[in-house]
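Contents: one structure, followed by commentary.
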Amino acid sequence: MVFDNCRVPKANLLGNVGEGFKQAMKVLDGGRISIAALALGIAKGAFDAAVAYSKQRQQFGQPISSFQAISFKLADMATEIEAAELLIRQAADLKNRHLPMTKESAMAKYFASEVSVRVATDAVQIFGGYGYTKDFPVEKFYRDSKLCTIGEGTSEIQKIVIAREVLN
């Protein structure tokens with residue numbers, strides 16, 4: 001839609017004249033929490049699939065979850081997922097209490113989306129060649145996770161927002 005020489009009566013204005021950009025940025029703060037939650041769900045799905053597969057898949061007469069390389073990957077994944085969830089909860093709590101949350105929502109979105117990519121990548125690795133086929137869910141988690149680093153502002157934009165908030 002294009003509005004050229006459009007006049008809006010004062011009674012129909014939303015917010016104050018000249019503060020439209022500020023209002024749009026507040027909407028983005030809430031959207032970032034939503035994308036962070038989406039990323040968290042993708043990460044949890046990939047993690048759950050990797051845990052289940054690692055317990056079931058046998059190599060050298062034992063489940064691959066018993067190998068340190070796999071168990072360490074799972075430990076890292078679990079830790080990062082937990083940290084992402086805490087950042088999301090903090091940002092959502094601030095939003096629910098109508099408090100400033102620009103930095104916290106950017107941190108939650110940035111961290112959760114990057115965690116989602118790492119977890120999905122490690123899940124594909126745990127599945128080995130099967131992780132790249134459509135027969136198992138991790139290939140979709142892998143594809144979907146990357147979108148979270150782009151929507152509602154790229155990871156690089158989130159870093160700009162975070163740095164600006166920290167330096168103010």
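The values are calculated or read from the model by the stated rules, or taken from the named source; none is laboratory data. If you're wondering where the values come from, they're calculated on a predicted model, not measured in any experiment. Every residue, glycine as well, gets a Cβ built from its backbone with ideal geometry; the counts of neighbours run over all protein chains shown. Calculation scope for accessible area: heavy atoms of the full protein, side chains included, ligands and nucleic acids excluded. Shrake-Rupley method; radii C 1.70, N 1.55, O 1.52, S 1.80 Å.
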What accessible area, in Å² to the nearest ten, does a 1.4 Å probe give for SER34?
80 Å²
Under a GNM of the chain (C-alpha, springs under 10 Å), which listed residue has the highest mean-square fluctuation: ASP29, ASP48, ASP122?
ASP48
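With only Lys, Arg, Asp and Glu charged, each at its Cβ (+1 for the first two, -1 for the last two), find how big the charge dipole of region 37-116 is about the Cα centre; round to the nearest 20 debye.
Details: 9 positive and 8 negative charges, 25 e Å.
Around 120 debye, computed over region 37-116.
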Comparing GLY128, GLY41, GLY153 in a Gaussian network model of the chain (Cα, 10 Å), the one with the largest mean-square fluctuation is GLY128
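Enumerate by residue number the trypsin sites (Lys or Arg not before Pro) in region 61-115 meeting two conditions: DSSP loop (anything except H, G, I, E, B), and at most 13 other Cβ atoms within 10 Å of the site's Cβ. Walk me through the numbers before you get to the answer.
On the way: sites: LYS73, ARG89, LYS95, ARG97, LYS103, LYS109; in loops: ARG97.
Those satisfying the criteria are ARG97.
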Largest fluctuation, GLU156, GLU85, GLU19 only, Gaussian network model of the chain with Cα springs under 10 angstrom, belongs to GLU19
Return one number: the angle in degrees, 0 to 90 and rounded to the nearest 10, between the long axis of the Cα atoms of helix 68-96 and the longest principal axis of the Cα atoms of the chain.
20 degrees
Correct option for Rg and Dmax of the Cα atoms in Å [calculated from the coordinates] among [x] 15.4, 44; [y] 17.4, 64; [z] 20.4, 76:
[z]
For region 101-162, please report how many Lys pairs fall under 17 Å Cα to Cα, leaving out neighbours fewer than 8 apart on the same chain.
4
Under 13 Å from the Cα of LYS26 - aspartates and glutamates, other chains or at least 8 residues apart:
GLU104, GLU152
So for the chain, averaging the separation of alpha carbon pairs under 8 Å that are six or more residues apart and normalising by length, what relative contact order in percent results?
30 percent
So for region 10-168, taking the charge dipole from beta-carbon charges (+1 Lys/Arg, -1 Asp/Glu), which of VAL115, GLY31, PRO63 sits furthest toward the positive end?
GLY31
If Lys and Arg each add +1 and Asp and Glu each add -1, what is the summed charge of the other residues whose beta carbon sits under 15 Å from the beta carbon of LYS55?
+1
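In the neighborhood of ALA24, defined by Cβ-to-Cβ distances under 15 Å, what is the net charge if each Lys or Arg adds +1 and each Asp or Glu adds -1? If you can, show how the numbers build up before the last one.
Details: positive: LYS22, LYS26, ARG32; negative: GLU19, ASP29, GLU152.
Here the charged neighbours net out to 0.
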Candidate lysines - alpha carbon under 20 Å from LYS10, same-chain residues fewer than 8 apart omitted
LYS22
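For the chain, what does the accessible surface come to per residue with a 1.4 Å probe? Please give it in Å². Could you put the intermediate results ahead of the total?
Values: 10640 Å² over 168 residues.
Using a 1.4 Å probe on heavy atoms only, each residue of the chain averages 63 Å².
Under unit Cβ charges (Lys, Arg +1; Asp, Glu -1), what dipole magnitude, rounded to 20 debye, does the chain have relative to its Cα centre?
Details: 21 positive and 18 negative charges, 62 e Å.
Its charge dipole is roughly 300 debye.
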